[in-house]
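So the structure is just underneath, and the comments pick up after that.
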Amino acid sequence: MEFVMPVFAGIVVIFGLVKRVPVFDIFLKGAKEGMLLLYNIAPTIMGLVFAVDLLRSSGAINVICNFVEPAADFLGFPKEIVPMVLLRPVSGSGSTALLTSLYQDCGPDSFAGQVASVLAGSSETTFYAVAMYFGSIKVKKIRHTLVAALIADFTAAVMSIITVRFFT
């Protein structure tokens, strides 16, 4: 498998030469566009990372979880997954850390561990994705997309619980 990328690159170069395309010039143009895109997206990503770190280090996540837990309990959510449900749309690495912690506390085969596993695989880091994709094309009006994506995240959490209950 180590030869796949060099072979692919070689095929692209050979195809470009056969078609008389200035391969290196096109490569440089693409690299320049990639750097400009990174330059445009970087402030958004840095702001998002700062916000996530601020929420985690200030304890705001714990306060929000304590506020949401009664409603989650009423809906049948395991209380152990509430922090992950809240953090997953914001931070992939943060929710992965919570998933690892949940595995250590409850076990991967516990109901909460199974629900968290399904949730991790079926939900998206909504705010990150919206910041990346909409930020890269300079779209500022995201309210409908954000509402729809957060509803999808909530649906993923509910369906994770239903799926684990159905299959266990």
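The values are calculated or read from the model by the stated rules, or taken from the named source; none is laboratory data. Note that the structure is a prediction, hence the values are computed from the model and not measured. Note that we place each Cβ from the backbone using ideal geometry, even for glycine, and neighbour counts take in every protein chain shown.
Some values worked out for this structure:
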{"item": "Residue selected from the stretch 12-39 under the condition basic (Lys, Arg) and part of a helix (DSSP H, G or I), by the criterion nearest to Phe127 (Cα to Cα)", "result": "Lys32"}
{"item": "Options Ala42, Ala9, Ala71: the member that is under 20 Å from the mean Cα position of the chain (by Cα), of a type in the set (Gly, Ala, Ser), exposed (fewer than 15 other Cβ atoms within 10 Å of the Cβ) and assigned to a helix (DSSP H, G or I)", "result": "Ala42"}
{"item": "Residue in the stretch 41-54 that is free of Cβ contacts under 8 Å to residues at least 60 places away in the same chain and farther than 30 Å from Ser93 by Cβ present", "result": "no"}
{"item": "Pair list, Cβ < 6 Å and 6+ apart or interchain, from the stretch 122-134 residues that are more than 12 Å from Thr145 (Cβ to Cβ) to residues that are in a helix (DSSP H, G or I) and among the acidic types (Asp, Glu)", "result": "Ser123/Asp153"}
{"item": "Residue check, Met132 at pLDDT below 85, outside any loop (DSSP other than H, G, I, E, B) and within 30 Å of Asn40 (Cα to Cα)", "result": "yes"}
{"item": "Flag for Val82 being closer than 26 Å to Met159 by Cβ, in contact with a Phe, Trp or Tyr (Cβ under 6 Å, 6 or more places away or on another chain) and surrounded by 10 or more Cβ atoms within 10 Å (Cβ to Cβ)", "result": "no"}
{"item": "Scan of the stretch 46-68 for residues that are surrounded by 13 or more Cβ atoms within 10 Å (Cβ to Cβ) and in a loop (DSSP other than H, G, I, E, B), ordered by number", "result": "none"}
{"item": "Any hit, the stretch 102-122, residues being within 30 Å of Asn40 (Cβ to Cβ), among the polar types (S, T, N, Q) and assigned to a helix (DSSP H, G or I)", "result": "no"}
